[in-house]
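Peer 1: Here you go, one structure.
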Amino acid sequence: MRIASWGHAFFAVTLIGLGIVGLIIGGFTPTWSGVPRSVPAREALAYLCAAIALLCGVGLLWRRTALLAVRVLLAYLLLWLLLVRLPHFFFAPSAIDTWWAPGDSGVMVAAAWVLYVWLAGDQTAQRFSFAGGDKGLRIARVFYGLAMIPFGVAHFINLKGTESLVPSWLPWHVSWAYFTGGAFIAAGIAVLSGVYARLGATLSAWQMGLFTLIVWGPVIVTGTANTGQWMEFIESWALTAGAWVVAESYRGTPWFAVGKLRLPIVRTQPAQ
């Protein structure tokens with residue numbers, strides 16, 4: 001097996017889970033949402049998305065297929081972002097999903113790109129050199145930083161909805177809604193500027209993980225979750241997995257570094 005990190009393994013397993021769920025429900029999981037109902041062969045496209053997630057997830061866990069899997073995944077996620085998610089800004093600029101969905105895709109693209117940099121290594125030296133090494137890592141982080149900003153904006157646009165998600169046992173619900181929205185924006189700026197980038201990426205990953213556990217975890221555990229809540233849980237889980245990979249890309253970078261970029265040394269396990 002060729003596992004670059006714990007985040008790599010968690011991300012691959014998450015993709016497998018997304019694929020299995022997609023095949024079971026015969027529809028789009030949150031990572032692949034946003035397709036208009038008028039699109040021809042929409043159901044077939046949903047199965048294709050599920051199959052790609054499942055196969056790429058499995059492929060990422062094996063040495064001989066890891067690089068091919070991440071190439072396919074990265075290309076597909078980029079196309080999804082450009083062709084499905086971003087056009088919503090032109091057709092429904094005020095809708096909450098318009099702001100949230102590109103961020104969702106941006107995080108997944110960033111994670112896939114980081115894994116591509118790790119797995120490709122010197123193979124990008126002559127072909128697609130811009131996509132590997134420090135340049136590729138910087139591009140991945142730009143995607144992640146840009147994704148954080150619409151997440152934060154969505155919190156403010158849908159303040160009442162965000163407030164309603166704050167657990168009842170926490171005080172100052174409105175304050176928490178403002179804080180989490182502002183934290184996402186601050187993390188995005190940190191990653192884009194390189195000022196405390198590792199801290200911003202790590203804390204944003206923790207925020208998504210805690211959101212998954214604190215907000216959706218209790219609903220899932222009690223067995224009262226409806227279909228929409230299950231989809232929210234799955235989406236939050238996937239985002240946490242993607243954010244984890246990006247945060248790990250800063251290994252070796254000082255927590256309070258300003259404008260420093262360092263490619264992490266990745267130790268992979270030998271083939272079994």
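Read the figures in this text as sums done on the coordinates, not as results from a lab. What you are looking at is a predicted structure, and each value in this text was computed from that prediction instead of being measured. In this analysis, Cβ positions are derived from the backbone assuming ideal geometry, glycine residues included, and neighbour counts consider all displayed protein chains.
Peer 1: Please compute the net charge surrounding residue 157, taking Lys and Arg as +1 and Asp and Glu as -1 over other residues with Cβ under 13 Å from its Cβ.
Peer 2: Taking every other residue near residue 157 into account, the sum is -1.
Peer 1: State the Cα centre-to-centre distance between segment 156-203 and segment 72-91 in whole Å.
Peer 2: Centre-to-centre (Cα) distance: 25 Å.
Peer 1: Modelled label-to-label distance, residue 221 and residue 65, 7 Å Cα→beta-carbon offset: nm?
Peer 2: 3.5 nm
Peer 1: Which distance in Å, rounded to a whole number, links the C-alpha centroids of segment 14-55 and segment 205-241?
Peer 2: Spelled out, the Cα-based centre of one part sits 19 Å from the other.
Peer 1: Further, regarding this structure: With a point put 7 Å past each Cα toward its Cβ, work out how far residue 97 is from residue 142 in nm, to one decimal.
Peer 2: Modelled inter-label distance: 2.9 nm.
Peer 1: By how many nm would the segment from residue 42 to residue 170 grow when fully extended, if each residue of separation counts as 0.36 nm and the alpha-carbon distance is taken off?
Peer 2: 41.9 nm
Peer 1: Let me ask something else about it. The chain: longest stretch without exposed trypsin sites (Lys or Arg not before Pro) (DSSP loop, at most 10 other Cβ within 10 Å), sites themselves excluded?
Peer 2: 128-266
Peer 1: Project the alpha carbons of segment 153-235 onto their principal axes and report the range along each, largest first, in whole Å.
Peer 2: Over segment 153-235, Cα extents along the principal axes are 42, 23, 21 Å.
Peer 1: In nanometres, what is the gap between the two model label sites at residue 20 and residue 82, each 7 Å from Cα along Cα-to-Cβ?
Peer 2: The two pseudo-label positions are separated by 3.3 nm.
Peer 1: Follow-up question, since we're still on this one. By the scheme Lys and Arg +1, Asp and Glu -1, what is the net charge of all other residues having a beta-carbon under 14 Å from that of residue 79?
Peer 2: After counting each charged neighbour, the total is +2.
Peer 1: Follow-up. What is the Rg over Rh value, at two decimals, for segment 133-272, using alpha-carbon atoms and the Kirkwood definition of Rh?
Peer 2: Result: Rg/Rh = 1.03.
Peer 1: Do me a favour and compute the ellipsoid semi-axes for the chain from its Cα gyration tensor, root of five times each eigenvalue, largest one first, whole Å.
Peer 2: The equivalent ellipsoid of the chain has semi-axes of 28, 24, 18 Å.
Peer 1: Hey, what does the equivalent ellipsoid look like for segment 87-197, semi-axes from the Cα gyration tensor as sqrt of 5 times each eigenvalue, largest first, whole Å?
Peer 2: For segment 87-197, the ellipsoid semi-axes come out as 33, 16, 11 Å.
Peer 1: Can you tell me the FRET efficiency between residue 51 and residue 75 if r is taken as the Cβ-Cβ distance and R0 is 22 Å, rounded to the nearest 0.05?
Peer 2: Between residue 51 and residue 75 the formula returns 0.90.
Peer 1: Take the eigenvalues of the Cα gyration tensor for segment 17-147, scale each by 5, and report the square roots as semi-axes in whole Å, largest first.
Peer 2: Working through the eigenvalues yields semi-axes of 26, 20, 11 Å.
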